[in-house]
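Trainee: Provided herewith is a single structure, encoded as structure tokens, for subsequent inquiry.
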Amino acid sequence: MALPGPQGRGKLRPPAPGTHMRICEINDIASVASDLAKALRARGHEVELIQPPLFGGKLPAVVKPVIAPFRALEWAHTIRKVRAGRFDAVHIHYAYLGMLGVLGRFPFILHCHGTDVRDATPFTGPLVRKALQGAGHVFYATPDLAALVTPRRPDAEFLPNPVDASVFTPLSAASESDGVLISCALTAIKGAPRILDACERLATARPGLKITAIGGGEFTPEFARLPNVTILPHQRRADLPALIARHGVVIGQVLLGVAGMAEFEALACARPVVCSFTYPEAYEEPPPFAGASTGDEIAALVMRLADDAGLRQSLGHAGREWVRRYHDAGRAAAAVESAARQLMPRR
């Protein structure tokens, strides 16, 4: 790829210590970049969010090399925008997109989110390794990624994704409904076969218990065939707090032993979340999930929560308070700000 603009690192304008910065957030994965942008602005910084088109991003992995020339043009355009913006700090989300910083030869913070490093392909793997090597600082969003990231970057830092608790807030009490919402995608990587098993068990044991899921994953047809499951179309993020509020219990992902934005946003809405979380040591205090990983465990916990309004309420309250302590957007923004300032001497 031909590199736009002047060559060499250190081309971004460093601010004087203690002053505000012009920060560029690139690629809004799960709204993390936009939430960080909001929190960084609240800290006095000027932030621009650049969303690359990511042409062909949903194509099968075997096809993606074919579109490499189009992606090269896209990357060159993004690099030019970064250079024209004269940013003090560039924060790139999704590991292989760190190649924007490598090719553009500007200092950058790299943020790994999950499938970008878990499911690296023969095509993206070398890009991920090069990006990890070239980043000035590396964050990873879920604790399981430490095993994949720290062998190449021992200094990488776990940064819990920011949750805007002013948006994801309880619009009703968890005690008011025994309905169940499946918050995660209906995909294999989220443990959909195990959740499907739980729903089948609940259809027999509690046929009156209503379950809602958002369609789109490869297991959507199997869930849609169940009499106790209602499939909704894709939901705007702005509509999620109201959707969560119509349910008293939330089922999250149950395969990898980690939680994502969907689970933490449900906690912020003061809902008990049934999911599998196997990294309690990642936090000073473990998240108050209702832990389950098999179909029978999920079904048993859902029935217990559906039967006990007081338990739903108490677990929901504990979850919201925990999210406000450990996934506060201001706390995440402070970590990004600190990483950006630590890069200053290297420029």
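The values are calculated or read from the model by the stated rules, or taken from the named source; none is laboratory data. In this text the structure is predicted, and so the values were computed from the model without any measurement. Here Cβ is always computed from backbone atoms with ideal geometry, including for glycine, and neighbour counts include all displayed protein chains.
Trainee: Mind telling me which of the residues F277, F264, F289 ends up being in contact with a Cys (Cβ under 7 Å, 6 or more places away or on another chain) and in the same structural domain as K190 (by TED's automatic domain parsing)? Don't jump to the end; show me each part of the working.
Mentor: Values: F277 fails: in contact with a Cys (Cβ under 7 Å, 6 or more places away or on another chain); F264 fails: in contact with a Cys (Cβ under 7 Å, 6 or more places away or on another chain).
Testing whether each residue is in contact with a Cys (Cβ under 7 Å, 6 or more places away or on another chain) and in the same structural domain as K190 (by TED's automatic domain parsing) leaves just F289.
Trainee: Report yes if K190 is under 18 Å from the mean Cα position of the chain (by Cα) and assigned by TED's automatic domain parsing to the domain that holds L315, otherwise no. First the steps, then the outcome.
Mentor: Values: under 18 Å from the mean Cα position of the chain (by Cα): yes; assigned by TED's automatic domain parsing to the domain that holds L315: yes.
Yes: the conditions hold for K190.
Residue-wise test of (1) farther than 15 Å from F289 by Cβ; (2) in contact with an Asp or Glu (Cβ under 7 Å, 6 or more places away or on another chain); (3) not assigned by TED's automatic domain parsing to the domain that holds P143.
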{"residue": "A185", "(1), (2), (3)": "yes, no, yes"}
{"residue": "R201", "(1), (2), (3)": "yes, yes, yes"}
{"residue": "P207", "(1), (2), (3)": "yes, no, yes"}
{"residue": "F223", "(1), (2), (3)": "yes, no, yes"}
{"residue": "I231", "(1), (2), (3)": "yes, no, yes"}
{"residue": "R236", "(1), (2), (3)": "yes, no, yes"}
{"residue": "G248", "(1), (2), (3)": "yes, yes, yes"}
{"residue": "G257", "(1), (2), (3)": "no, yes, yes"}
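Trainee: Tell me, yes or no, whether the range 45-63 has at least one residue that is modelled with pLDDT under 60, on the phi > 0 side of the Ramachandran plot and not hydroxyl-bearing (S, T, Y).
Mentor: yes
Trainee: So, one more: Are there helices (runs of 4 or more DSSP H) fully within the range 243-347 with at least 2 residues that are over 16 Å from the mean Cα position of the chain (by Cα)? List them.
Mentor: Working: elements: 261-268, 295-307, 309-326, 329-342.
In the range 243-347, the matching helices (runs of 4 or more DSSP H) lie at 295-307, 309-326, 329-342.
Rundown of residues vs (1) under 30 Å from N228 (Cβ atoms); (2) among the polar types (S, T, N, Q); (3) in contact with a helix residue (DSSP H, G or I) (Cβ under 8 Å, 6 or more places away or on another chain), yes/no style:
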position	(1), (2), (3)
V82	no, no, yes
L100	no, no, yes
L103	no, no, yes
F108	no, no, yes
G136	no, no, yes
T142	no, yes, no
R152	no, no, yes
A174	yes, no, yes
V180	yes, no, yes
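Trainee: I've got another one for you. From the residues in the range 153-166 that are hydrophobic (A, V, I, L, M, F, W, C) and outside any loop (DSSP other than H, G, I, E, B), which one is farthest from R341 (Cα to Cα)? Outline the logic, then answer.
Mentor: Pass one, the range 153-166, residues hydrophobic (A, V, I, L, M, F, W, C): 156, 158-159, 163, 165.
Filter again for outside any loop (DSSP other than H, G, I, E, B), leaving 158, 163.
Numbers: F158: 18, V163: 23 Å.
Ranking the candidates gives V163 first.
Trainee: Does V167 qualify as being under 24 Å from H91 (Cα atoms), within 17 Å of the chain's Cα centre (by Cα), at pLDDT 95 or above and not assigned by TED's automatic domain parsing to the domain that holds H113? Steps first, answer last, please.
Mentor: Numbers: under 24 Å from H91 (Cα atoms): yes; within 17 Å of the chain's Cα centre (by Cα): yes; at pLDDT 95 or above: yes; not assigned by TED's automatic domain parsing to the domain that holds H113: yes.
The answer is yes for V167.
Trainee: Which one is nearest to T124 (Cα to Cα), of the residues in the range 76-106 that are part of a helix (DSSP H, G or I) and under 20 Å from the mean Cα position of the chain (by Cα)?
Mentor: We begin by selecting, within the range 76-106, every residue part of a helix (DSSP H, G or I); these are 76-85, 95-104.
Of the ones still in play, those that are also under 20 Å from the mean Cα position of the chain (by Cα) are 95-98.
Numbers: A95: 9, Y96: 6, L97: 10, G98: 11 Å.
My answer is Y96.
Trainee: Within the bounds of the range 302-313, is there any residue that is among the β-branched types (V, I, T) and out of contact with any helix residue (DSSP H, G or I) (no Cβ under 6 Å at 6 or more places or on another chain)?
Mentor: Narrowing the range 302-313 to residues among the β-branched types (V, I, T): 302.
From what's left, out of contact with any helix residue (DSSP H, G or I) (no Cβ under 6 Å at 6 or more places or on another chain): 302.
Looking through the range 302-313, at least one residue is among the β-branched types (V, I, T) and out of contact with any helix residue (DSSP H, G or I) (no Cβ under 6 Å at 6 or more places or on another chain).
Trainee: Take the residues in the range 200-243 that are in contact (Cβ under 8 Å) with a residue 60 or more places away in the chain and closer than 15 Å to I298 by Cα; name whichever of them is surrounded by the most Cβ atoms within 10 Å (Cβ to Cβ).
Mentor: Among residues in the range 200-243 that are in contact (Cβ under 8 Å) with a residue 60 or more places away in the chain and closer than 15 Å to I298 by Cα, the one surrounded by the most Cβ atoms within 10 Å (Cβ to Cβ) is L202.
Trainee: Could you look through the range 110-158, keep only residues that are free of Cβ contacts under 8 Å to residues at least 60 places away in the same chain and under 13 Å from the mean Cα position of the chain (by Cα), and pick out the one that is surrounded by the most Cβ atoms within 10 Å (Cβ to Cβ)?
Mentor: C112
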